[in-house]
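Scroll down for the structure; my scribbles are underneath it.
The values are calculated or read from the model by the stated rules, or taken from the named source; none is laboratory data. All figures in this text were calculated on a predicted structure; none of them were measured in a lab. Note that we place each Cβ from the backbone using ideal geometry, even for glycine, and neighbour counts take in every protein chain shown.
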2 protein chains.
Amino acid sequence: MTKILQRNLYREVADRIGDLIEHGELSPGERISEKQLCEKFGVSRTPLREALKVLATEGLIELLPNRGARVVRLTFKKVKDTYDLMAALEGLSGELACQHITDKEITAIRKLHNNMLEHYHQHDLKAYFELNRQIHEGILAASKNEVLQEMYSNLSQRVKRVRYSKKMTQAFWDQAVKDHENMINALEKRDSQLLGQILRDHLCNKLEVATLAGVIEDEAPDEGHSVVNA
Amino acid sequence: MTKILQRNLYREVADRIGDLIEHGELSPGERISEKQLCEKFGVSRTPLREALKVLATEGLIELLPNRGARVVRLTFKKVKDTYDLMAALEGLSGELACQHITDKEITAIRKLHNNMLEHYHQHDLKAYFELNRQIHEGILAASKNEVLQEMYSNLSQRVKRVRYSKKMTQAFWDQAVKDHENMINALEKRDSQLLGQILRDHLCNKLEVATLAGVIEDEAPDEGHSVVNA
DNA sequence: AAAAGTAATTATGAATTCAATATTAACCAG
DNA sequence: CTGGTTAATATTGAATTCATAATTACTTTT
C-alpha cells in the first residue's frame with residue numbers, strides 16, 4: 001500500500017529551501033530575501049511565503065514580523081537538546097519495534113546489518129553510514145508508529161546540516177558496531193526493554209554531540225531580537 | 001527574560017481554527033470551506049490558506065491537493081501512538097528535570113502538589129486536573145529543553161479534542177495521586193532514572209487511552225484517499 | 001428511469017496588486 | 001566628522017484577481 005505523494009508547489013519550495021539550508025547555501029542568521037528566492041525558483045511570492053511559514057513551524061527558520069525570515073542559528077545547546085530528544089525517540093522506537101516487528105522485517109534488518117559489517121571491515125565509512133541509517137530507519141518503521149516516525153524525521157531535518165561527523169575514531173567505530181550487534185540480538189529476541197536501552201545509550205548521538213562541540217559557533221547573542229511563535 | 005510574542009495574522013487564524021477543531025465545531029473528516037472561514041474571521045484567503053498549511057504540518061488537518069482541507073480523523077491507533085510518544089517525552093522530561101531543576105522550582109512544584117492534594121480530598125476533579133496539568137508543565141519547563149517542550153505541546157494539541165476523560169474511578173484517582181507523591185519525592189531526591197520511570201508509567205495517559213477506546217469512532221476507511229505530505 | 005456525458009458553477013492554486021512597515025539614503029545641526 | 005531627523009526606497013503583509021481543477025446540475029441517450 002504505497003501512499004500517494006502530495007506535490008503542492010509550496011511543499012516543493014519548502015523542500016528546496018530545506019536543501020539550501022542543509023547544504024549551507026543559506027547561512028544561519030542570514031536574512032532570507034523573498035524576492036531573491038522567488039526568482040531562483042521561478043515562483044511567485046504566494047507559494048514561497050507559504051513555504052516559509054511551514055519551515056518555521058518545522059523549526060528550520062524563524063519569522064520576525066515585518067522583518068522577514070532567517071535560518072535558525074544552531075547553538076550547541078539547541079543541538080544537544082535535539083539529540084537528547086532523538087535518543088529518547090530511538091529508545092521508544094526500539095521498544096515498539098520489538099512488539100510489532102515481523103519475522104520478515106527482522107530478516108531484512110539482519111541482512112542490512114551483515115552488509116554494514118562488510119563495509120566496516122573494508123573501512124568504507126560512507127557506505128557504513130548509509131547502511132547504519134537504513135537500519136535505524138528500519139527499526140523506526142517496524143515500530144509501526146507513524147507519529148513517532150514523523151517527529152523523528154522532523155528532528156533529524158533540523159540538525160542535518162551539522163551532521164557531518166567527519167572524524168570517527170576507530171575505538172568509537174568499534175563500539176558502535178558492538179552496539180549494533182547487541183541491537184540485532186535484542187531485536188531477534190524481541191527484548192523491548194533491552195533494545196530500548198541500547199538505542200537510548202547508543203553512542204552514535206553522543207559521539208556526534210561530542211564532536212560537534214567544536215564545530216558549532218556559539219557566538220554573540222545575535223542581531224535581531226529573540227522572537228517566538230505564539 | 002520574557003519573550004516577545006509574535007502575532008502574525010496567519011498564526012492568529014491558525015490558533016482560532018485550532019480552537020474550532022478542539023471544541024468540535026469543525027468535525028473530523030469534514031471539508032473545511034475556505035470562503036466560510038474567511039467570512040467568519042473577516043480575513044482574506046491569503047492568511048487563511050497560510051494558516052491551513054501550518055495546521056497541516058502541525059498534524060491537525062490534512063490537505064488534499066485541489067480538494068481542500070479537512071480535519072484529521074483521530075483513529076484509536078493514532079491516539080494510542082500519540083500517547084505512547086507523549087509518555088516517552090514525559091519520561092525524558094523527568095530525567096532532564098532532575099538534572100536541571102532549581103531548588104526554587106522544586107519548592108514551587110511541591111506547592112502545586114499540596115494544592116492539588118487538597119482538591120483531591122475535596123473531590124474537586126476539575127481543579128485537580130488543572131493543578132495536575134500545571135505540575136506536569138512545571139516538570140517539562142524544568143527540563144530546560146525547549147525542543148522537547150515544543151514537541152510535547154504539539155502532540156498535546158493533536159489529541160486535545162478527545163482529552164475529556166470524564167469518568168475517573170476512585171481507584172484510578174487514588175493511584176494517580178500516589179504516583180504524584182512518588183514523583184515529587186523522586187524530584188526532590190533528583191533521582192533521574194526513577195522520575196523518568198514513574199512518568200513513563202504514570203497511568204494518566206494509559207487511563208485516558210483506555211477510556212478512549214470507547215469514545216473514538218473508528219469507522220470506514222474514509223471518503224478521500226490517503227494522502228501524505230512529502 | 002438509469003447511466004453517461006456535457007455544460008455551468010464553485011472551489012482551489014498561484015500571480016498580481018495594493019497597503020503598511022522597515023530599511024536605507026540624504027540631509028542638516030551641532 | 002558625528003549624531004540625529006526626515007525623505008526615499010525596498011520589503012513585507014494582506015487583499016484581490018486570474019487560471020485551473022473539481023463538483024454539481026442538467027441534458028441526452030439508451
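Quick notes on this one:
- Flag for B:H123 being under 18 Å from B:Q175 (Cβ atoms) and either within 11 Å of chain A (Cβ to nearest Cβ) or part of a loop (DSSP other than H, G, I, E, B) (or both): yes
- Taking (1) surrounded by fewer than 21 Cβ atoms within 10 Å (Cβ to Cβ); (2) aliphatic (A, V, I, L, M); (3) more than 14 Å from chain B (Cβ to nearest Cβ) in turn, A:L9 satisfies each apart from (3).
- Residue match in the range B:146-154 (condition: within 14 Å of chain A (Cβ to nearest Cβ), at pLDDT below 95, in contact with an Asp or Glu (Cβ under 7 Å, 6 or more places away or on another chain) and assigned to a helix (DSSP H, G or I)): no
- Filtering A:Q99, A:Q36 for residues that are more than 13 Å from DNA strand C (Cβ to nearest atom), over 28 Å from A:L148 (Cβ atoms) and polar (S, T, N, Q) leaves a single hit, A:Q36.
- Across the range B:97-119, the qualifying residues are those that are closer than 25 Å to B:L155 by Cβ and touching a residue at least 60 places away in the same chain (Cβ under 8 Å), and the one among them that is surrounded by the most Cβ atoms within 10 Å (Cβ to Cβ) is B:A97.
- Selection of the range A:35-67 for residues being within 14 Å of chain B (Cβ to nearest Cβ) and surrounded by fewer than 14 Cβ atoms within 10 Å (Cβ to Cβ) yields A:S44, A:R45, A:P65, A:N66, A:R67.
A quick yes/no check of all residues on (1) closer than 30 Å to B:G68 by Cβ; (2) over 16 Å from the mean Cα position of the chain (by Cα):
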| residue | (1), (2) |
| --- | --- |
| A:N8 | yes, yes |
| A:A14 | yes, yes |
| A:G29 | no, yes |
| A:F41 | yes, yes |
| A:A51 | yes, yes |
| A:V71 | no, yes |
| A:K80 | no, no |
| A:Q99 | no, yes |
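- Hey, B:E105 closer than 30 Å to A:K77 by Cβ, more than 16 Å from DNA strand C (Cβ to nearest atom) and more than 11 Å from chain A (Cβ to nearest Cβ) or not: yes
- Subset of the range B:45-71 (residues that are more than 9 Å from DNA strand C (Cβ to nearest atom) and among the hydroxyl-bearing types (S, T, Y)): B:T57
- Pair list, Cβ under 6 Å, 6 or more apart: the range A:131-148 residue closer than 17 Å to B:L155 by Cα, other residue part of a helix (DSSP H, G or I) and among the acidic types (D, E): A:N145/B:D81; A:V147/B:D81
- Only one of the numbered conditions (1) out of contact with any strand residue (DSSP E or B) (no Cβ under 9 Å at 6 or more places or on another chain); (2) surrounded by fewer than 22 Cβ atoms within 10 Å (Cβ to Cβ); (3) of a type in the set (S, T, N, Q) is not met by B:S27, and that is (1).
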